[in-house]
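The values are calculated or read from the model by the stated rules, or taken from the named source; none is laboratory data. Small disclaimer: the values here were computed from a predicted structure and weren't measured. Methodologically, a virtual Cβ is constructed for each residue, glycine included, from the backbone with ideal geometry; neighbour enumeration extends over all protein chains shown. Just so you know, the surface numbers come from the protein's heavy atoms only, side chains and all, with ligands and any DNA or RNA stripped out. Shrake-Rupley method; radii C 1.70, N 1.55, O 1.52, S 1.80 Å.
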2 protein chains.
Amino acid sequence: MVVGLGPGSPDWTTPEVREALNAATDLVGYTTYIDRVPPRPGQHRHASDNRVESERAAMALDLAKRGARVVVVSSGDPGVFAMAAAVLEESADPQWQDVPVRVLPGLTAANAVASRVGAPLGHDYAMISLSDRLKPWEVVAQRLSAVAAADMAIAIYNPASSQRTWQVGAMRDLLLEHRKPDTPVVLGRDVGGPTESVRVVSLVDLDPADVDMRTLLIIGASTTAAVDTPTGTRVYTSRRYHRR
Amino acid sequence: MVVGLGPGSPDWTTPEVREALNAATDLVGYTTYIDRVPPRPGQHRHASDNRVESERAAMALDLAKRGARVVVVSSGDPGVFAMAAAVLEESADPQWQDVPVRVLPGLTAANAVASRVGAPLGHDYAMISLSDRLKPWEVVAQRLSAVAAADMAIAIYNPASSQRTWQVGAMRDLLLEHRKPDTPVVLGRDVGGPTESVRVVSLVDLDPADVDMRTLLIIGASTTAAVDTPTGTRVYTSRRYHRR
């Protein structure tokens, strides 16, 4: 079973996932995510740090094959830039053919960040990982250009890490070829978690130094409005499409 | 407060949303969504059928202004092709300036449908509404072409209704200019609800007659694999990007 805890807050974990966690004999996942699950006596916790996804998937399938009730723990939704695809891919290997795999969905980070400022993803949008670890940067750049030219809002996962620092600046410059300088950009960091911060800046002012691996970015379309209110900036993209 | 129940199943409603529903004095929303909330003595239910979104938003803001604890109820995530943008847009009117608006995120239908077959949205993807009620079809067509050419998976909201029947066929023909005929397409209908059905077909075989307003479609990318298993077809899009 591959599950998603939702972002940060336990208030965002669905009852279905909570039940699966309670019934599991074994939890597999990144230490950070496993640590979000309250310990239960008799439950084995296989927390890993830097292991590659396919190895973690194989470990989970092996445990399940030997009779364990395994839950692979992801943050957000497990099907969005997370473990579900890796487990599915690994499970296609003939040695796991008798191991049933189920995915339980979760609240994905883009929707949580969006909710904090209003509804920037209220109209057509794209979900793009900025990581060029598993795909060449030209593919990332091509996709950014395509959705920017088609005037869709964009949620950016994995914008940066301690090793990957130039992609956010490259993305900003590329998007400025299609979007106005004052296009609203939402920076949501650790949303739902103890160190949550959410800010809205203009695209031209997006500073890569403000973005780390715990940040999710939402870039508005031409129809995205940012309105200052007494309780902070509200951002929304109307479902009504006005031609420019 | 604008909340999302998640799709169909109460098992997908977050604890945060459940708490907000319990604390509300007034619920506002489509009859179908209001009917999913267990009745509570003393709570007023303003179920509407065909009213336009902005009127429903104004009604909710008016109730809140007069002191009610109002919850606007959406299915899925309220920020995704739902009520949040409409409420935010309406709340920008000066008469509502003192009414605080909060959005509580929910599990969106695309992630729920994806989980039923594996992880077809495991890599970059786009979320597009096929409705041309609020935007011209040329905009829809341009966005479909852009993301299809950029080889992203696509989740399609509002593919059809009793009145709108030609869009699915037009979309299929347009996507076939960029995608192979055997590209997997997931048809999820009433997912999480009592009449749930999920099927996987090839793009070339997508029959508009099988799609109605309760259906969500997921169209694979070139990297999306469909594998037949004893428990049904599993579909996933690897995070590893292989060039064609």
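The table below gives the values:
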| quantity | calculated |
| --- | --- |
| Calculated SAXS-style log₁₀ I(q)/I(0) at q = 0.11 Å⁻¹ - region B:60-169, Debye, Cα scatterers | -0.49 |
| In order through region B:91-105: 3J(HN,Hα) via Karplus (6.51 cos²θ - 1.76 cosθ + 1.60), integer Hz, x for Gly, Pro | 5, 6, 5, x, 5, 9, 4, 9, 8, x, 10, 10, 10, 9, x |
| Long-range amide H partners of A:Val103 with built H, under 5 Å | A:Val2 |
| Taking chain B and dividing mean pair separation by its residue count, relative contact order in percent (alpha carbons under 8 Å, at least six apart) | 19 |
| Lysines with Cα under 26 Å of A:Lys180, excluding same-chain neighbours fewer than 8 positions away | B:Lys135 |
| Förster radius 30 Å - calculated FRET efficiency between A:Gln95 and A:Arg45 (Cβ-Cβ, nearest 0.05) | 0.75 |
| Chain B - mean residue ellipticity at 222 nm from DSSP helices (-39,500 (n - 2.57) per run, n ≥ 4, rounded to 500) | -8000 deg cm²/dmol |
| Pair-distance profile P(r), taking every C-alpha pair of region B:1-125, with 5 angstrom steps and integer % | 2, 12, 22, 23, 18, 11, 6, 4, 2, 0 |
| Rule-of-thumb Rg ratio for region A:109-237 [Cα; 2.2 N^0.38 Å; N residues] | 0.97 |
| Accessible surface of chain B [probe 1.4 Å, protein heavy atoms]: carbon and sulfur percent | 49 |
| Radius, Kirkwood style, for region A:193-234 when every pair of distinct Cα atoms is counted (Å) | 12.2 |
| Kirkwood estimate for the protein assembly as shown, i.e. one over the average of 1/r between Cα atoms, Å | 22.6 |
| Within 10 Å of each Cβ in A:87-93, the average number of Cβ atoms from other chains | 5 |
| Paramagnetic label zone (point 7 Å from Cα along Cα-to-C-beta, A:Thr233; backbone N under 13 Å) in region A:166-197 | A:181-188 |
| Teacher prompt: B:Pro39 distances to equivalent labels in other copies, 7 Å Cα→Cβ, nm | 4.8 |
| Solvent-accessible heavy-atom area per residue, rounded to whole Å², over region A:109-237 at 1.4 Å | 36 |
| Region B:71-123 and region A:92-109: distance between their alpha carbon centers, rounded to Å | 27 |
| Within region A:193-223: backbone nitrogen closer than 11 Å to the A:Asp173 label point (7 Å, Cα to C-beta) | none |
| Inter-probe distance in nm under a simple model that places probes 7 Å from Cα toward Cβ, at A:Arg102 and A:Val52 | 3.1 |
| Most positive-pole-ward Cα, A:Leu61, A:Trp12, A:Leu134, against dipole of chain A from beta carbon charges | A:Trp12 |
| Interface B:A - total buried accessible surface [probe 1.4 Å, Å², rounded to 100] | 5700 |
| Rg/Rg_ref, chain A, where Rg_ref = 2.2 N^0.38 Å and atoms are Cα | 1.09 |
